[in-house]
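Visitor: Got a structure for you, questions after.
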Amino acid sequence: MYNNARSGIKALRSSAVLNTIAGAVYCAAAMFTLFVGRKSADSGVVLAAFFILLAAAAGGVAALFLQMKGLARARRDEPLFGTAFTFVIVGIICTVVSVFTAGTFSNIFSGVNEVATLLASLYTVLGVYSLALGFDNKRVQSAGKVTTVALAVVFALAVAGRIISVFTPAIDFALDAAVSVLNLFGYAVYLTYISRAAKMCDPGYIG
Amino acid sequence: MKFLQNATRTIRVCCFFLTVLVSCLVLQQYFLRNVDHNTLRVEGYYQEERNSLDVVLIGASDIYTSFMPGRAYEQFGFTGYLLASESITASGVETAVKEVVRTQHPGLIVIEANAFLYGNAENEDDEAHLRKFFDNLPLSRNKLDYILKNVPEDKKAEYLFPFVKYHGLWNEYPDRFFMTANDLSLDVRGYNYLKGFRTTAEIYKTDRECFNSRIADEHGELDLDPKLEKKLTDLLDYCKSQDLNVVFVRAPHYVTAETYDRVKRSNRMAGIVKEYGYDYYRFENDAVSIGIDEKRDFYNDDHMNVYGALKFTDYLASKIVTEQKLRPDPLTDSQREAWQDTVSATNQLYRYCDHLMSTGDVRGAQEDVLTLLALGDYSDAPLTRR
């Protein structure tokens, strides 16, 4: 039962883990380039940093494909994953448009991308929650509720932080940092939930 | 199951309101608004990379028709942008300076004096002139401060959300599509080619006597309007408090008997500005020595055409480099490429206007789709002054 969903959720977990690793490598390589690469006259150091950044970006793209593959598979058993899949596609389109444009036009698409990303995460969590109902797994059900609320609250706080930063230029750097930490927290909650969901899908799992 | 139903219902309701919100935003930004050259100039300023400009020039049409940032970059190597709008008010100038401080930190801010030289303060309440600047500013603390302090209670919402004011424009379509296309093309391109410069291709023909040759030695003064003088001293206090590197200028005009009083008010303003330790360049008085030809270099009383603008740009840019000791920041390769596009567009625009003036075809030339398309027919080689 739910074989497609089981396999899809495992792909989603792999995607989330790969994305986390790619993100961490990207941050580390960017920091390295910023603080060490600039001072270093050694072109080998700069080239190494460039290839690490490239590898991290490739990891991010692979994670995206894995996420799409997982959602496409899981939607055969649970339509909520299909909705999440649609929002991932919307997010990709918006990202491309915002990258190749500028000004308000770009900002609007960038904003829509953020909402689409949130909705893709929310529908993924709700899809897992729906499966947990089928499995009668109370722990994943209650974690699903907490994750849904957490994602929504983190998003609302991040939006509020950005609006406040427009009117308080003196502390906009601090607010931007706070928003980044909040987003990181939201992603950690999502990652934890997907990992728990993947375990639920393991054969012989006793919740 | 109940949680699932509640969650999906809540998400759908939120999505509905969000869609309405985004639709209003898109309508307000592109379709239901008054787009003109002021819009493209002010919006273009906010597309400039943060802290990338060496000079920002603030003022009314007197400055955006007389200074060509592309020419200044080509000849003197500094980057500049005209954060200016038609008949900008003194309050607008103050807000513009604060916006420059918020977004750019340039090596020098140049302020054209026009907003402070009116015979009375009526311009401060001229809604059309206010909106040409403030409607195009993105929401920020500075814009909010202006609205809260100066806009009447019943109009605050209109200034905060211009959609409220312009929602009736929908019945002016399809005629307005051209304006929307200008705005969209600027956003898609991502930068303003002419950096705010605008002109009219015309040589001023008039029988009215020009006083330019005799005002070099005019030192008579007339008081500024008290309200405008207060705005000026408030601005100077702000510049001092922020330790800003500012210079005030008065651009050349075709001075007539009717506009002679402005020269005297400009002299008075120069005194006030100098009391605060800032420079004030009375280029209006020095038009002849700059080489501005009253028979060829203007398109009306108040504005120079490209012939005059080219001379004035060289003169002002030279002062900025030699007297104000501006040191341009180094550019990245991509910034240099973008500025080369600006140089090309500026040189093409000059030749386009030169061609129109030789045929007597009077036309506005600015950052719009039709003008930019027309520029393709003209050479972008460096200009030589005649």
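Visitor: Give the residues of region B:38-69 that are open to solvent by 10 Å² or more (accessible area, probe 1.4 Å) and within 14 Å of another protein chain (Cβ to nearest Cβ), sorted by residue number.
Guide: B:Glu43, B:Tyr46, B:Gln47, B:Glu48, B:Glu49, B:Arg50, B:Asn51, B:Ser52
Visitor: Go through region B:328-345 and give me each residue that's among the aliphatic types (A, V, I, L, M) and under 18 Å from B:Val55 (Cβ atoms).
Guide: Of everything in region B:328-345, those that are among the aliphatic types (A, V, I, L, M) and under 18 Å from B:Val55 (Cβ atoms) turn out to be B:Leu331, B:Ala338, B:Val343.
Visitor: Going through A:Ala188, A:Ala156, A:Ala178, A:Ala143 one at a time, which residue ends up being in a helix (DSSP H, G or I) and touching a residue at least 24 places away in the same chain (Cβ under 8 Å)?
Guide: A:Ala143
Visitor: While we're on this one: List the residue pairs whose Cβ atoms are under 8 Å apart, where the first residue sits in region B:4-19 and is facing chain A (nearest Cβ under 10 Å), the second is in a helix (DSSP H, G or I) and β-branched (Val, Ile, Thr), and the two are 6 or more positions apart or on different chains.
Guide: B:Ala7/A:Thr148; B:Leu18/A:Val115
Visitor: Let me ask something else. Quick one: is B:Lys149 more than 29 Å from B:Asp225 (Cα to Cα), part of a helix (DSSP H, G or I) and open to solvent by 70 Å² or more (accessible area, probe 1.4 Å)?
Guide: no
Visitor: Going by what's in this entry, would A:Ala170 be described as more than 11 Å from chain B (Cβ to nearest Cβ) and not aromatic (Phe, Trp, Tyr)?
Guide: So A:Ala170 fails the test.
Visitor: Scan region B:328-338 and give yes if some residue there is touching a helix residue (DSSP H, G or I) at 6+ places or on another chain (Cβ under 9 Å), among the charged types (D, E, K, R) and over 14 Å from B:Val110 (Cα atoms), otherwise no.
Guide: Within region B:328-338, not a single residue is touching a helix residue (DSSP H, G or I) at 6+ places or on another chain (Cβ under 9 Å), among the charged types (D, E, K, R) and over 14 Å from B:Val110 (Cα atoms).
Visitor: For region B:28-36, indicate whether the set of residues that are within 14 Å of chain A (Cβ to nearest Cβ), under 29 Å from B:Val321 (Cα atoms) and open to solvent by 40 Å² or more (accessible area, probe 1.4 Å) is non-empty.
Guide: No; the residues of region B:28-36 include none that is within 14 Å of chain A (Cβ to nearest Cβ), under 29 Å from B:Val321 (Cα atoms) and open to solvent by 40 Å² or more (accessible area, probe 1.4 Å).
Visitor: A further question follows. Determine whether B:Thr103 is touching a residue at least 24 places away in the same chain (Cβ under 8 Å), within 21 Å of B:Gln47 (Cα to Cα), open to solvent by less than 50 Å² (accessible area, probe 1.4 Å) and touching a His at 6+ places or on another chain (Cβ under 7 Å).
Guide: no
Visitor: Sticking with this structure for a sec: Whether any residue in region B:165-174 is of a type in the set (S, T, N, Q), assigned to a loop (DSSP other than H, G, I, E, B) and open to solvent by 80 Å² or more (accessible area, probe 1.4 Å) is what I want to check.
Guide: no
Visitor: Restricting to region A:119-149, and then to whatever is open to solvent by 20 Å² or more (accessible area, probe 1.4 Å) and farther than 20 Å from A:Leu71 by Cβ, can you tell me which residue is farthest from the other protein chains (Cβ to nearest Cβ)?
Guide: Looking at the filtered set, the residue picked out is A:Arg139.
Visitor: What pairs come out if I take residues in region A:103-118 that are more than 9 Å from chain B (Cβ to nearest Cβ) and pair them with residues that are surrounded by fewer than 20 Cβ atoms within 10 Å (Cβ to Cβ) and at pLDDT below 85 whose C-beta lies under 8 Å away, six or more apart or interchain?
Guide: Close Cβ pairs satisfying both conditions: A:Phe109/A:Thr101.
The values are calculated or read from the model by the stated rules, or taken from the named source; none is laboratory data. The structure presented is a predicted model; accordingly, all values stated were derived computationally and were not measured. Quick reminder, even Gly has a Cβ in these numbers, built from the backbone with ideal geometry, and neighbours come from all protein chains shown. Accessible surface is based on the protein model in full, side chains and every heavy atom, while ligands, DNA and RNA are left aside. Shrake-Rupley method; radii C 1.70, N 1.55, O 1.52, S 1.80 Å.
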